[in-house]
Every structure is written in C-alpha cells, then in structure tokens.
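Participant: One structure, pasted below without further comment.
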Amino acid sequence: MGLTDGPFVILLGILGFAAFVTCVVLLPLVAGRGVRQASARAGLVVGTQSVVVFAVLVAVNSSFGFFGSWADLLGTDKSRVRVVGGTDATAPPAAAAQPSLRPRSDTLSRGLPAGEGRLDAVVFHGLRSGITATGYVYVPPQYSHHAYRSRRLPVVLVLTADVPGTLTRLRLPSVAAGQIAGGAVQPTVYVLMSPVGACVDAPGGPQAGTFFAEDVPMAVTASYRVARDGPGWGVIGDAAGGYCAARLALRAGDRFTAAACAASSYGAPPGDLYGRSAAIRNENDLLWTLGHRPPPPAHLLVITAGGTTEPARRLTALVRPPASADSLTVTGGGTLPTWQRDLPAVLRWLSGRLSPES
C-alpha cells in the first residue's frame with residue numbers, strides 16, 4: 001500500500017482513533033503506584049501518541065507531497081522525477097538514464113474541474129545536484145489535442161514558498177486555462193515548486209543553482225512534450241523565489257529566456273553559502289554581476305508591491321542590452337497568492353516572450 005494512497009491514509013486515521021479509544025478505556029485499569037502500572041500507563045500513552053502522530057504526518061504528506069513513496073521517504077528511490085498524479089501517454093519514452101514516471105494519487109492533483117487540464121504531483125531527484133524536491137506540473141488541455149501533438153509547449157517554472165496557496169487561492173491552473181482558452185496566452189506547461197537552498201551552489205553544500213538550472217529542466221523535458229531550449233522556458237518567483245527567478249534568467253540564460261520576479265533583495269542571499277569567498281558571493285549578487293559581467297539576452301518583468309520598490313529600481317537601473325526589463329506594480333501584496341488581479345497580466349507578458357518547438 002503506497003505512502004500517499006487514500007486507503008492507507010484512511011486506515012491510519014481509523015487506527016489512530018482506535019488507539020485513542022483504547023487508551024481511554026484501559027488507563028483506569030492500570031491505575032496505581034506500582035512499577036507495572038506506571039509502565040503500562042507510559043506504554044499506552046506513548047503508543048497512542050505514536051500512532052496518532054504518524055497518522056497526522058501521513059495525512060499532511062499526502063496533501064502536500066513531501067514524499068511520494070516509501071522508497072522516497074527511506075532514500076532508496078534513485079529516479080530523477082516521478083509523476084505522482086496523472087499519466088502522460090503522449091510524452092516521449094524515457095531512456096534508462098532519464099527520469100522514470102510512476103503514477104500515484106495526490107489530493108491536489110485530483111482537484112481540477114473538467115476542461116482545465118491536468119495537475120501532476122511530482123518528485124524531482126537531481127542527479128547533478130543531489131537535491132530531492134517535490135512540486136506540481138500543470139498540463140493544459142491543449143497538450144493532448146491533435147493540433148498540438150507535434151509541438152513542444154513552452155514551460156514556465158513557478159517558484160513560491162506557498163505552492164498549495166498558489167493552487168487553491170490564486171488558482172493558477174484555472175487562471176492559465178482561462179487565458180489560454182481566450183487566446184491571450186499560448187498553451188503552456190507550468191511547473192510549481194518551492195525555492196531550495198537560496199538557489200545558490202554552495203561550496204561543499206547544496207547545489208540549488210544547478211538543481212533549478214539543469215536538473216529540473218532536464219527532468220521535465222524528458223518526461224513531458226515541452227520545449228528543450230531557452231526560448232521556450234520562463235520563470236516566475238516571489239520573495240526568495242523572486243531572486244531565484246531573476247538569477248535563472250541572468251545566470252542561466254541558455255535555459256530561461258524570461259523571468260517575472262518579485263523579491264525583497266537581488267543581492268547575494270545571506271548566510272554561510274559562499275565558503276567565505278568574496279568572489280563567489282559577488283557572482284551570486286545579481287546587482288554586482290549586472291554591473292561587472294556582460295548581460296545575457298534575458299527579459300525581466302520586475303514586480304513591486306507596497307514599499308518594495310527600491311530593490312526593483314536598483315535592478316532595473318542596471319539592466320542593459322541585450323537584456324531588457326519591464327516593471328509592474330501589483331495590487332494586494334507582493335507574494336504570489338495575493339496577485340489575484342495581476343496574475344493574468346504576468347502570464348500574458350511571459351507568453352509573449354516564449355516560443356514553442358515544432
């Protein structure tokens with residue numbers, strides 16, 4: 001029985017409730033001050049709490065997709081990406097060195113109304129970076145239409161700490177489906193993930209920059225019929241994901257051609273990430289690199305909200321050809337789940353700068 005399977009979650013819930021009832025019934029029978037009575041009470045309490053806590057953790061994992069299987073939980077799964085919800089009959093076959101696809105059940109991936117496409121819960125295992133992370137892939141309904149069978153759709157990587165909120169409150173799949181159906185946005189695949197390791201390759205530590213710049217695009221390209229080069233890839237990010245989005249466009253321009261970013265800072269992320277090397281810190285300071293390195297032909301949409309205009313102003317002031325930068329002030333806040341009115345404009349901006357592959 002799978003770790004995220006609905007029957008397994010329900011079974012654990014029943015076992016947790018049964019353990020609680022058993023504890024309440026048996027505790028009066030082991031009252032007393034003897035060693036045996038005390039040991040029995042301790043065993044009942046610890047056993048009941050263990051079952052209940054395990055049931056809660058499994059339920060939370062099933063909802064948010066932290067681990068997709070027992071092998072993933074135990075660290076024995078060596079595949080690079082696994083689809084946890086849905087199947088992809090039209091994807092190119094995966095070679096032995098490419099990601100494997102293993103359909104699983106997932107709460108959020110079952111939530112899309114008919115006609116809005118498909119939402120796959122996925123687990124990425126980065127072979128180059130060594131990082132494992134979860135996410136979701138939104139596939140529009142046009143993906144399976146005959147007219148698009150010979151086209152590789154563009155991809156937008158969405159980086160936000162609140163992925164469930166982006167799906168349930170911001171309703172990105174629904175917004176994207178509406179924009180695509182109305183012709184304002186071309187059919188596009190969206191990959192939703194949380195930022196990892198400040199998106200930096202730390203010396204002797206997590207290689208998060210490599211994970212997003214190489215592992216994720218390679219896994220998605222091998223598993224879905226999507227664009228394989230930079231003109232077909234874009235990225236959206238807020239907060240730490242906003243820095244990551246801008247970094248991917250400015251440092252991995254061969255993979256990401258456009259980025260919509262909202263960040264509190266575009267300098268080097270704080271922390272012991274650079275091995276005490278000023279040179280490595282500078283290379284991860286986007287303001288420094290824009291002033292000291294030739295810019296790539298990247299397109300930036302720098303998003304501001306409230307009092308966060310200064311970091312955006314500093315970034316856009318440094319952008320020069322062949323790079324370009326546009327600005328957008330959002331309403332209602334600066335994080336993805338609050339872009340209720342501005343998300344369509346962001347999707348349209350990105351769509352106009354991405355190209356599918358024939």
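Participant: Would you order L44, L167 from fewest to most other beta-carbon atoms within 10 Å of each residue's own beta-carbon? Present the calculation step by step, with values, prior to reporting the outcome.
Facilitator: Details: L44 19, L167 22.
Sorted ascending by nearby Cβ count, the order is L44, L167.
Participant: Still on this model: With the crude spin-label approximation of a point 7 Å out along Cα→Cβ, what separation in nm comes out for D272 versus R293?
Facilitator: My value for the distance between the label points is 2.5 nm.
Participant: Return H145, H125, H299 ranked ascending by Cβ neighbour count within 10 Å, so the fewest neighbours appear first. Write out the running numbers ahead of the final one.
Facilitator: Working: H145 11, H125 20, H299 23.
Fewest-to-most Cβ neighbours within 10 Å comes out as H145, H125, H299.
Participant: Sticking with this one: May I ask you to derive the FRET efficiency for A181 and D229 from their Cβ-Cβ distance with R0 = 30 Å, giving the value to the nearest 0.05? Present the calculation step by step, with values, prior to reporting the outcome.
Facilitator: Numbers: r = 27 Å, r/R0 = 0.89.
For A181 and D229, the calculated efficiency is 0.65.
Participant: Let me know the shape class of segment 126-177, please: from the alpha-carbon gyration tensor, a ≥ b ≥ c as square roots of the eigenvalues, rounded when a/c is under 1.5, otherwise prolate if a/b is greater than b/c, or oblate.
Facilitator: Working: a/c = 3.20, a/b = 1.25, b/c = 2.57.
Because a/c hits 1.5 or more and a/b fails to exceed b/c, segment 126-177 counts as oblate.
Participant: Give a residue-ordered list of calculated ³J(HN,Hα) values for segment 235-250 (Karplus: 6.51 cos²θ - 1.76 cosθ + 1.60, θ = phi - 60°; whole Hz; x for Gly, Pro).
Facilitator: 8, 10, x, 10, 6, 4, x, x, 4, 4, 4, 5, 5, 5, 6, 8
Participant: Extension gain A161-R314, at 0.36 nm per residue separation less the Cα-Cα distance, in nm? List each step's numbers first, then the result.
Facilitator: Details: separation 153, 0.36 × 153 = 55.08 nm, distance 2.42 nm.
In short, 52.7 nm is gained.
Participant: Can you figure out the FRET efficiency of D326 with S355, using R₀ = 25 Å and their beta-carbon distance, to the nearest 0.05?
Facilitator: On the way: r = 18 Å, r/R0 = 0.73.
Using R0 = 25 Å, I get an efficiency of 0.85.
Participant: Working out 0.36 nm times the residue gap between L11 and S194, then minus their Cα-Cα distance, what length gain in nm do you get to one decimal? Before the final figure, lay out each step's value.
Facilitator: Working: separation 183, 0.36 × 183 = 65.88 nm, distance 2.99 nm.
This chain segment gains 62.9 nm when fully extended.
Participant: Using amide H atoms built in the peptide plane, which far-off residues or other-chain residues are under 5 Å from L192 H to H?
Facilitator: Excluding prolines and chain starts, which carry no amide H, the hits are Y136, V137, Y138, V158.
Participant: Continuing with the same structure: Tell me the label-point distance for the pair R341, H145, using the 7 Å Cα-to-Cβ offset, in nm and rounded to one decimal.
Facilitator: With each label placed 7 Å out from Cα toward Cβ, I get 3.0 nm.
Participant: Let me ask another. In whole angstrom, how far apart do the alpha carbon centroids of segment 109-171 and segment 208-224 sit?
Facilitator: Value for the Cα centre distance between the two parts: 13 Å.
Every number in this text was worked out from the coordinates using simple rules, so none of it is lab data. Keep in mind that this is a model prediction, so the values were computed, not measured. Here the Cβ is made from the backbone with ideal geometry for all residues, glycine too, and neighbour counts use every protein chain on show.
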